[in-house]
Amino acid sequence: MQKEKVVIIGSGPAGLTAALYTARANYKPLVIAGNQLGGQISLTSEVENYPGFFNADHTPTGPELVEIMQKQAEHFGARIEFDEVTEVDFKNGSPFTVKTYGEEYQAEAVIVTAGASPRRLGVPGEEEFIGRGVSYCGTCDGFFFRGKKIVVVGGGDSALEEAIFLTKFASSVTIIHRRDELRAGHTLQKRAFANEKISFIWDTVVDEIVGDNIVNAVKLTNLKTGETSKFETDGVFIFIGHFPNSKFLEGQLAMDEHGYVITDELMRTSADGVFAAGEIQDSVYRQIATSVGQGTAAALRTEKWLSERE
Ligand code: NAP
(Lines give C-alpha, C1' and ligand atoms only; values in the text may rest on other atoms or scores of the structure.)
Protein backbone atom coordinates (compact mmCIF):
# COMPACT_ATOMS: atom_id res chain seq x y z
CA MET A 1 0.00 0.00 0.00
CA GLN A 2 1.56 3.29 -1.14
CA LYS A 3 0.73 6.33 1.01
CA GLU A 4 -0.04 9.62 -0.74
CA LYS A 5 -1.15 13.05 0.36
CA VAL A 6 -3.18 13.88 -2.78
CA VAL A 7 -4.24 11.45 -5.51
CA ILE A 8 -5.74 12.90 -8.69
CA ILE A 9 -7.75 10.48 -10.79
CA GLY A 10 -7.58 11.52 -14.45
CA SER A 11 -5.19 13.62 -16.53
CA GLY A 12 -7.34 15.90 -18.68
CA PRO A 13 -7.20 19.70 -18.30
CA ALA A 14 -8.99 19.52 -14.92
CA GLY A 15 -6.63 16.84 -13.57
CA LEU A 16 -3.40 18.40 -14.83
CA THR A 17 -4.44 21.80 -13.48
CA ALA A 18 -5.35 20.32 -10.10
CA ALA A 19 -1.92 18.66 -10.20
CA LEU A 20 -0.17 21.96 -10.95
CA TYR A 21 -1.89 23.77 -8.09
CA THR A 22 -1.46 21.04 -5.47
CA ALA A 23 2.16 20.57 -6.59
CA ARG A 24 2.85 24.28 -6.13
CA ALA A 25 1.33 23.96 -2.65
CA ASN A 26 4.04 21.31 -2.06
CA TYR A 27 1.73 18.31 -1.77
CA LYS A 28 3.61 16.33 -4.47
CA PRO A 29 0.35 15.01 -5.95
CA LEU A 30 0.14 11.69 -7.73
CA VAL A 31 -1.85 11.78 -10.98
CA ILE A 32 -3.25 8.47 -12.15
CA ALA A 33 -3.47 9.26 -15.84
CA GLY A 34 -6.05 6.75 -17.07
CA ASN A 35 -5.92 5.26 -20.54
CA GLN A 36 -5.29 8.56 -22.34
CA LEU A 37 -2.98 11.23 -20.96
CA GLY A 38 -4.77 14.54 -21.51
CA GLY A 39 -8.21 12.94 -21.87
CA GLN A 40 -10.42 14.17 -24.68
CA ILE A 41 -8.19 17.08 -25.76
CA SER A 42 -5.55 14.58 -26.81
CA LEU A 43 -7.96 13.77 -29.62
CA THR A 44 -8.42 17.40 -30.65
CA SER A 45 -6.46 18.52 -33.67
CA GLU A 46 -6.92 22.27 -33.23
CA VAL A 47 -7.42 24.30 -30.08
CA GLU A 48 -8.57 27.76 -31.07
CA ASN A 49 -10.47 28.84 -27.99
CA TYR A 50 -8.12 28.38 -25.07
CA PRO A 51 -7.10 31.89 -24.02
CA GLY A 52 -3.42 32.74 -23.86
CA PHE A 53 -2.46 29.86 -26.11
CA PHE A 54 -2.39 31.36 -29.58
CA ASN A 55 -0.11 31.42 -32.56
CA ALA A 56 -1.42 32.97 -35.79
CA ASP A 57 0.96 30.86 -37.91
CA HIS A 58 0.11 27.53 -36.35
CA THR A 59 -3.10 26.62 -34.57
CA PRO A 60 -1.97 24.69 -31.52
CA THR A 61 -3.07 21.06 -31.23
CA GLY A 62 -4.60 19.25 -28.27
CA PRO A 63 -1.52 17.04 -27.73
CA GLU A 64 0.73 20.15 -27.70
CA LEU A 65 -1.39 21.72 -24.99
CA VAL A 66 -1.40 18.46 -22.99
CA GLU A 67 2.40 18.22 -23.19
CA ILE A 68 2.82 21.75 -21.83
CA MET A 69 0.30 21.13 -19.04
CA GLN A 70 2.04 17.87 -18.13
CA LYS A 71 5.53 19.45 -18.10
CA GLN A 72 4.29 22.40 -16.05
CA ALA A 73 2.69 20.13 -13.41
CA GLU A 74 5.76 17.85 -13.27
CA HIS A 75 8.11 20.82 -13.03
CA PHE A 76 6.48 21.76 -9.74
CA GLY A 77 6.58 18.23 -8.34
CA ALA A 78 3.54 16.36 -9.63
CA ARG A 79 4.09 12.69 -10.48
CA ILE A 80 2.19 10.95 -13.24
CA GLU A 81 1.44 7.25 -13.13
CA PHE A 82 0.22 5.62 -16.36
CA ASP A 83 -2.34 3.32 -14.87
CA GLU A 84 -6.11 3.10 -14.52
CA VAL A 85 -8.21 3.20 -11.38
CA THR A 86 -10.30 0.07 -10.96
CA GLU A 87 -11.81 0.58 -7.53
CA VAL A 88 -12.04 3.15 -4.76
CA ASP A 89 -13.15 3.13 -1.16
CA PHE A 90 -14.40 6.55 -0.08
CA LYS A 91 -16.93 5.27 2.43
CA ASN A 92 -14.71 5.03 5.47
CA GLY A 93 -13.34 8.58 5.28
CA SER A 94 -9.75 9.75 4.91
CA PRO A 95 -7.34 8.10 4.22
CA PHE A 96 -9.10 6.79 1.12
CA THR A 97 -8.23 3.67 -0.82
CA VAL A 98 -7.59 3.96 -4.55
CA LYS A 99 -6.80 0.74 -6.43
CA THR A 100 -5.33 0.58 -9.92
CA TYR A 101 -4.34 -2.38 -12.05
CA GLY A 102 -0.83 -2.19 -10.68
CA GLU A 103 -0.98 -0.66 -7.19
CA GLU A 104 -3.05 0.18 -4.17
CA TYR A 105 -2.84 3.71 -2.74
CA GLN A 106 -3.88 5.28 0.51
CA ALA A 107 -4.68 8.96 -0.12
CA GLU A 108 -5.41 11.65 2.41
CA ALA A 109 -7.37 13.63 -0.18
CA VAL A 110 -8.61 12.72 -3.64
CA ILE A 111 -9.53 14.87 -6.64
CA VAL A 112 -11.65 13.03 -9.19
CA THR A 113 -11.20 14.30 -12.75
CA ALA A 114 -11.97 11.16 -14.75
CA GLY A 115 -13.83 13.02 -17.50
CA ALA A 116 -16.36 11.74 -19.98
CA SER A 117 -16.45 9.58 -23.11
CA PRO A 118 -18.49 9.74 -26.31
CA ARG A 119 -21.76 7.86 -26.10
CA ARG A 120 -22.09 4.81 -28.34
CA LEU A 121 -25.06 4.02 -30.57
CA GLY A 122 -25.03 0.40 -29.48
CA VAL A 123 -25.85 -1.04 -32.91
CA PRO A 124 -24.30 -4.02 -34.71
CA GLY A 125 -21.15 -3.12 -36.62
CA GLU A 126 -20.32 -0.10 -34.44
CA GLU A 127 -17.56 -1.68 -32.32
CA GLU A 128 -16.33 -3.80 -35.20
CA PHE A 129 -15.69 -0.81 -37.48
CA ILE A 130 -14.16 1.64 -35.00
CA GLY A 131 -11.07 3.00 -36.76
CA ARG A 132 -12.28 1.48 -40.03
CA GLY A 133 -14.99 4.00 -40.84
CA VAL A 134 -16.64 4.55 -37.45
CA SER A 135 -15.37 7.56 -35.52
CA TYR A 136 -16.31 9.75 -32.56
CA CYS A 137 -13.88 12.55 -33.40
CA GLY A 138 -14.06 14.64 -36.54
CA THR A 139 -10.91 16.54 -35.75
CA CYS A 140 -8.94 13.29 -35.32
CA ASP A 141 -10.22 11.37 -38.30
CA GLY A 142 -11.70 13.89 -40.75
CA PHE A 143 -8.44 14.00 -42.67
CA PHE A 144 -8.86 10.33 -43.69
CA PHE A 145 -12.14 11.11 -45.45
CA ARG A 146 -10.91 13.52 -48.11
CA GLY A 147 -13.28 13.36 -51.07
CA LYS A 148 -15.40 10.69 -49.34
CA LYS A 149 -19.09 10.43 -48.48
CA ILE A 150 -19.81 10.39 -44.78
CA VAL A 151 -22.75 10.42 -42.40
CA VAL A 152 -22.99 12.15 -39.04
CA VAL A 153 -25.38 10.79 -36.43
CA GLY A 154 -26.97 13.23 -33.93
CA GLY A 155 -28.78 16.53 -33.87
CA GLY A 156 -27.02 18.47 -31.11
CA ASP A 157 -24.30 21.15 -31.13
CA SER A 158 -21.53 18.55 -31.39
CA ALA A 159 -23.09 16.83 -34.40
CA LEU A 160 -23.54 20.08 -36.30
CA GLU A 161 -20.21 21.59 -35.32
CA GLU A 162 -18.37 18.43 -36.35
CA ALA A 163 -20.45 18.04 -39.53
CA ILE A 164 -19.49 21.57 -40.59
CA PHE A 165 -15.84 20.84 -39.78
CA LEU A 166 -15.97 17.57 -41.74
CA THR A 167 -17.11 19.38 -44.91
CA LYS A 168 -13.49 20.60 -45.13
CA PHE A 169 -12.58 17.04 -46.14
CA ALA A 170 -15.63 15.06 -47.22
CA SER A 171 -17.40 15.37 -50.56
CA SER A 172 -20.75 15.17 -48.76
CA VAL A 173 -21.94 15.02 -45.16
CA THR A 174 -25.38 13.59 -44.42
CA ILE A 175 -26.73 14.23 -40.94
CA ILE A 176 -29.02 11.48 -39.70
CA HIS A 177 -31.24 12.64 -36.87
CA ARG A 178 -33.90 10.71 -35.02
CA ARG A 179 -36.36 13.64 -34.95
CA ASP A 180 -37.44 16.32 -37.45
CA GLU A 181 -36.08 19.12 -35.28
CA LEU A 182 -32.49 19.78 -34.26
CA ARG A 183 -31.36 20.20 -30.68
CA ALA A 184 -28.39 22.36 -31.75
CA GLY A 185 -28.36 26.14 -31.27
CA HIS A 186 -29.62 28.53 -33.96
CA THR A 187 -26.28 29.78 -35.20
CA LEU A 188 -24.98 26.29 -35.85
CA GLN A 189 -28.27 25.32 -37.49
CA LYS A 190 -28.07 28.32 -39.82
CA ARG A 191 -24.48 27.48 -40.75
CA ALA A 192 -25.32 23.83 -41.37
CA PHE A 193 -28.39 24.61 -43.50
CA ALA A 194 -26.35 27.09 -45.54
CA ASN A 195 -23.55 24.58 -46.19
CA GLU A 196 -23.92 23.06 -49.64
CA LYS A 197 -22.17 19.84 -48.70
CA ILE A 198 -24.57 19.09 -45.81
CA SER A 199 -27.92 17.35 -46.20
CA PHE A 200 -30.27 15.77 -43.66
CA ILE A 201 -32.17 12.55 -43.18
CA TRP A 202 -34.89 13.21 -40.60
CA ASP A 203 -36.83 10.99 -38.20
CA THR A 204 -34.36 8.22 -38.81
CA VAL A 205 -32.14 5.93 -36.76
CA VAL A 206 -29.16 3.80 -37.69
CA ASP A 207 -29.91 0.11 -37.06
CA GLU A 208 -26.65 -1.34 -38.29
CA ILE A 209 -23.29 -0.32 -39.71
CA VAL A 210 -22.13 -2.61 -42.48
CA GLY A 211 -19.04 -3.11 -44.62
CA ASP A 212 -16.40 -5.56 -45.69
CA ASN A 213 -13.06 -4.62 -44.26
CA ILE A 214 -14.20 -1.00 -43.95
CA VAL A 215 -17.61 0.64 -43.65
CA ASN A 216 -19.62 0.91 -46.85
CA ALA A 217 -23.21 1.55 -45.69
CA VAL A 218 -25.64 2.10 -42.84
CA LYS A 219 -29.00 0.41 -42.48
CA LEU A 220 -31.70 2.87 -41.51
CA THR A 221 -35.26 2.94 -40.21
CA ASN A 222 -37.57 5.90 -40.59
CA LEU A 223 -39.30 6.14 -37.21
CA LYS A 224 -42.42 7.81 -38.65
CA THR A 225 -43.10 5.49 -41.58
CA GLY A 226 -41.28 2.35 -40.39
CA GLU A 227 -39.59 2.21 -43.79
CA THR A 228 -36.14 0.63 -43.83
CA SER A 229 -33.34 1.48 -46.25
CA LYS A 230 -29.64 1.12 -46.90
CA PHE A 231 -27.53 4.26 -47.32
CA GLU A 232 -24.07 4.01 -48.84
CA THR A 233 -21.30 5.79 -46.97
CA ASP A 234 -17.56 5.64 -46.39
CA GLY A 235 -17.69 6.84 -42.81
CA VAL A 236 -19.99 7.09 -39.79
CA PHE A 237 -19.28 9.87 -37.31
CA ILE A 238 -21.30 9.51 -34.13
CA PHE A 239 -22.01 12.56 -31.92
CA ILE A 240 -24.89 11.66 -29.65
CA GLY A 241 -23.59 13.09 -26.40
CA HIS A 242 -21.22 11.90 -23.72
CA PHE A 243 -21.33 9.80 -20.58
CA PRO A 244 -19.23 10.43 -17.48
CA ASN A 245 -16.49 7.92 -16.70
CA SER A 246 -17.93 7.27 -13.27
CA LYS A 247 -18.67 3.54 -13.24
CA PHE A 248 -15.85 2.90 -10.74
CA LEU A 249 -17.41 5.48 -8.40
CA GLU A 250 -20.83 3.84 -8.15
CA GLY A 251 -21.93 3.51 -4.56
CA GLN A 252 -19.00 5.70 -3.43
CA LEU A 253 -20.10 9.23 -4.43
CA ALA A 254 -23.51 10.82 -4.96
CA MET A 255 -24.31 11.11 -8.67
CA ASP A 256 -27.20 12.41 -10.73
CA GLU A 257 -29.41 10.15 -12.83
CA HIS A 258 -26.91 10.33 -15.73
CA GLY A 259 -23.93 9.30 -13.60
CA TYR A 260 -22.38 12.78 -13.23
CA VAL A 261 -20.73 13.25 -9.83
CA ILE A 262 -22.60 15.83 -7.78
CA THR A 263 -20.43 18.66 -6.46
CA ASP A 264 -21.25 21.85 -4.58
CA GLU A 265 -19.86 25.30 -5.40
CA LEU A 266 -16.66 24.39 -3.53
CA MET A 267 -16.14 21.31 -5.76
CA ARG A 268 -16.87 19.04 -2.79
CA THR A 269 -18.43 15.65 -3.44
CA SER A 270 -20.60 13.68 -1.03
CA ALA A 271 -17.42 12.23 0.57
CA ASP A 272 -15.58 14.65 2.87
CA GLY A 273 -12.04 15.03 1.46
CA VAL A 274 -12.95 13.94 -2.07
CA PHE A 275 -13.29 16.73 -4.62
CA ALA A 276 -14.25 16.56 -8.30
CA ALA A 277 -13.68 18.76 -11.35
CA GLY A 278 -14.12 18.74 -15.12
CA GLU A 279 -16.51 16.69 -17.19
CA ILE A 280 -17.03 14.00 -14.56
CA GLN A 281 -19.21 16.61 -12.82
CA ASP A 282 -20.02 19.05 -15.65
CA SER A 283 -22.30 18.07 -18.50
CA VAL A 284 -22.99 21.66 -19.53
CA TYR A 285 -19.84 23.65 -20.38
CA ARG A 286 -17.36 20.97 -21.40
CA GLN A 287 -14.60 23.38 -22.40
CA ILE A 288 -10.85 23.25 -21.73
CA ALA A 289 -11.10 26.63 -20.05
CA THR A 290 -13.96 25.63 -17.75
CA SER A 291 -12.27 22.34 -16.83
CA VAL A 292 -9.08 24.24 -16.02
CA GLY A 293 -11.09 26.60 -13.81
CA GLN A 294 -12.83 23.75 -12.05
CA GLY A 295 -9.51 21.93 -11.56
CA THR A 296 -8.06 25.07 -10.00
CA ALA A 297 -11.03 25.45 -7.64
CA ALA A 298 -10.91 21.78 -6.61
CA ALA A 299 -7.17 22.02 -5.90
CA LEU A 300 -7.56 25.18 -3.83
CA ARG A 301 -10.31 23.56 -1.76
CA THR A 302 -8.22 20.41 -1.35
CA GLU A 303 -5.30 22.51 -0.05
CA LYS A 304 -7.61 24.26 2.40
CA TRP A 305 -9.15 20.99 3.53
CA LEU A 306 -5.73 19.42 4.11
CA SER A 307 -4.30 22.46 5.89
CA GLU A 308 -7.25 22.54 8.28
CA ARG A 309 -6.49 18.95 9.29
CA GLU A 310 -2.78 19.53 9.83
P1 NAP B 1 -26.53 16.68 -26.86
O2 NAP B 1 -26.81 18.13 -26.83
O3 NAP B 1 -26.97 15.81 -25.74
O4 NAP B 1 -27.12 16.12 -28.23
C5 NAP B 1 -27.11 14.75 -28.51
C6 NAP B 1 -27.84 14.54 -29.82
O7 NAP B 1 -27.77 13.17 -30.13
C8 NAP B 1 -29.31 14.93 -29.76
O9 NAP B 1 -29.73 15.50 -30.96
C10 NAP B 1 -29.99 13.57 -29.54
O11 NAP B 1 -31.28 13.49 -30.14
C12 NAP B 1 -29.08 12.63 -30.27
N13 NAP B 1 -29.08 11.29 -29.69
C14 NAP B 1 -28.88 10.95 -28.39
N15 NAP B 1 -28.92 9.61 -28.25
C16 NAP B 1 -29.16 9.11 -29.48
C17 NAP B 1 -29.31 7.79 -29.97
N18 NAP B 1 -29.21 6.72 -29.19
N19 NAP B 1 -29.57 7.63 -31.30
C20 NAP B 1 -29.67 8.71 -32.12
N21 NAP B 1 -29.52 9.98 -31.71
C22 NAP B 1 -29.27 10.18 -30.39
O23 NAP B 1 -24.95 16.37 -26.97
P24 NAP B 1 -23.78 17.24 -27.65
O25 NAP B 1 -24.20 17.70 -28.98
O26 NAP B 1 -22.56 16.42 -27.50
O27 NAP B 1 -23.66 18.49 -26.70
C28 NAP B 1 -23.40 18.31 -25.29
C29 NAP B 1 -23.31 19.67 -24.61
O30 NAP B 1 -22.15 20.37 -25.09
C31 NAP B 1 -24.51 20.56 -24.93
O32 NAP B 1 -24.80 21.31 -23.78
C33 NAP B 1 -24.01 21.45 -26.04
O34 NAP B 1 -24.69 22.68 -26.10
C35 NAP B 1 -22.53 21.62 -25.67
N36 NAP B 1 -21.72 21.88 -26.88
C37 NAP B 1 -21.60 23.17 -27.29
C38 NAP B 1 -20.90 23.47 -28.44
C39 NAP B 1 -20.78 24.88 -28.85
O40 NAP B 1 -21.36 25.72 -28.23
N41 NAP B 1 -20.08 25.20 -29.91
C42 NAP B 1 -20.31 22.46 -29.20
C43 NAP B 1 -20.47 21.14 -28.78
C44 NAP B 1 -21.19 20.87 -27.61
P45 NAP B 1 -32.53 14.34 -29.55
O46 NAP B 1 -32.29 15.74 -29.99
O47 NAP B 1 -33.69 13.67 -30.18
O48 NAP B 1 -32.47 14.13 -28.06
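The values are calculated or read from the model by the stated rules, or taken from the named source; none is laboratory data. Predicted, not measured: the structure shown is a model, and the values here were computed from it. In this analysis, Cβ positions are derived from the backbone assuming ideal geometry, glycine residues included, and neighbour counts consider all displayed protein chains.
Points to keep in mind about this one:
- When region 159-190 is limited to residues that are more than 12 Å from the ligand (Cβ to nearest atom) and assigned to a helix (DSSP H, G or I), the one that is farthest from residue 118 (Cα to Cα) turns out to be 190.
- Identity of the residue in region 259-310, of a type in the set (Asp, Glu) and free of Cβ contacts under 8 Å to residues at least 40 places away in the same chain, that ends up farthest from the ligand (Cβ to nearest atom): 310
- Taken as a whole, the condition of being touching an Asp or Glu at 6+ places or on another chain (Cβ under 9 Å), touching a residue at least 60 places away in the same chain (Cβ under 8 Å) and either more than 14 Å from the ligand (Cβ to nearest atom) or closer than 29 Å to residue 91 by Cα (or both) does not apply to residue 246.
- Qualifying positions in region 125-153 - in contact with a Lys or Arg (Cβ under 9 Å, 6 or more places away or on another chain) and either within 16 Å of residue 216 (Cβ to Cβ) or assigned to a strand (DSSP E or B) (or both): 125, 126, 153
- Within the set 219, 230, 224, the sole residue that is within 16 Å of the ligand (Cβ to nearest atom), out of contact with any Cys (no Cβ under 9 Å at 6 or more places or on another chain) and either closer than 26 Å to residue 14 by Cβ or not in a loop (DSSP other than H, G, I, E, B) (or both) turns out to be 219.
- Screening 205, 210, 284 for residues that are out of contact with any helix residue (DSSP H, G or I) (no Cβ under 8 Å at 6 or more places or on another chain), in a loop (DSSP other than H, G, I, E, B) and closer than 28 Å to residue 135 by Cβ leaves exactly one candidate, 284.
- Number of positions in region 114-150 that are hydrophobic (A, V, I, L, M, F, W, C) and closer than 25 Å to residue 244 by Cα: 9
- In region 136-158, the residues that are at pLDDT below 95 and either charged (D, E, K, R) or within 16 Å of the ligand (Cβ to nearest atom) (or both): 136, 137, 138, 139, 140, 141, 142, 157, 158
Residues are listed down the side, and each one gets a yes or a no for (1) loosely packed, with under 14 Cβ neighbours inside 10 Å; (2) among the aromatic types (Phe, Trp, Tyr); (3) over 27 Å from residue 307 (Cα atoms); (4) out of contact with any Pro (no Cβ under 6 Å at 6 or more places or on another chain):
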{"residue": "78", "(1), (2), (3), (4)": "no, no, no, no"}
{"residue": "84", "(1), (2), (3), (4)": "no, no, yes, yes"}
{"residue": "102", "(1), (2), (3), (4)": "yes, no, yes, yes"}
{"residue": "114", "(1), (2), (3), (4)": "no, no, no, yes"}
{"residue": "119", "(1), (2), (3), (4)": "no, no, yes, yes"}
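- The one condition in (1) farther than 22 Å from residue 122 by Cα; (2) over 21 Å from the mean Cα position of the chain (by Cα); (3) touching a residue at least 40 places away in the same chain (Cβ under 8 Å) that residue 195 fails to fulfil: (3)
- For beta carbons closer than 7 Å, sequence separation of 6+ or different chains, a first residue in region 100-113 that is within 22 Å of residue 300 (Cβ to Cβ) and hydroxyl-bearing (Ser, Thr, Tyr) and a second that is surrounded by fewer than 24 Cβ atoms within 10 Å (Cβ to Cβ) and modelled with pLDDT of 95 or more, there are no qualifying pairs.
Every residue, every condition in (1) within 16 Å of the ligand (Cβ to nearest atom); (2) within 30 Å of residue 203 (Cβ to Cβ); (3) β-branched (Val, Ile, Thr), yes or no:
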residue: 93; (1), (2), (3): no, no, no
residue: 105; (1), (2), (3): no, no, no
residue: 113; (1), (2), (3): no, no, yes
residue: 117; (1), (2), (3): yes, yes, no
residue: 121; (1), (2), (3): yes, yes, no
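- Close pairs from region 168-185: first farther than 13 Å from residue 239 by Cβ, partner near the ligand (Cβ under 8 Å from one of its atoms) and outside any strand (DSSP E or B), Cβ under 7 Å, at least 6 apart: 179/155; 185/157
- A single entry from 63, 51 fulfils the requirement of being surrounded by fewer than 13 Cβ atoms within 10 Å (Cβ to Cβ) and under 18 Å from residue 291 (Cα atoms): 51.
- Residue that is farthest from residue 230 (Cα to Cα), among those in region 149-197 that are in contact with a Phe, Trp or Tyr (Cβ under 6 Å, 6 or more places away or on another chain) and surrounded by fewer than 21 Cβ atoms within 10 Å (Cβ to Cβ): 169
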